[in-house]
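Shown next, in structure tokens, is the structure this report addresses.
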Amino acid sequence: MSGIHQEHELHTRRRGRNMSLGLVLGAFVSLIFAVTMVKLSIPQNVDPTAPNYSATAGASE
């Protein structure tokens with residue numbers, strides 16, 4: 001009697017929603033990670049015409 005167990009429809013639908021939500025959450029986390037890695041990999045001081053706001057910028061004057 002314990003070998004045959006039919007799952008209720010409510011549990012089947014809930015499992016489907018949970019799996020979908022998990023996939024969407026995983027995709028969102030992956031997107032945030034990818035954007036962070038791209039932003040961290042951009043070299044600093046790329047634009048030579050950008051103003052320099054560092055503390056040593058006005059020291060030579």
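With 0.36 nm allotted per residue and the present C-alpha distance subtracted, the Gln6-Leu23 stretch has 3.5 nm of extension available.
Once the chain from Arg15 to Leu40 is taken as fully extended at 0.36 nm per residue, the excess over their C-alpha distance is 5.3 nm.
Every number in this text was worked out from the coordinates using simple rules, so none of it is lab data. This is a predicted model, so every value here is computed, not measured.
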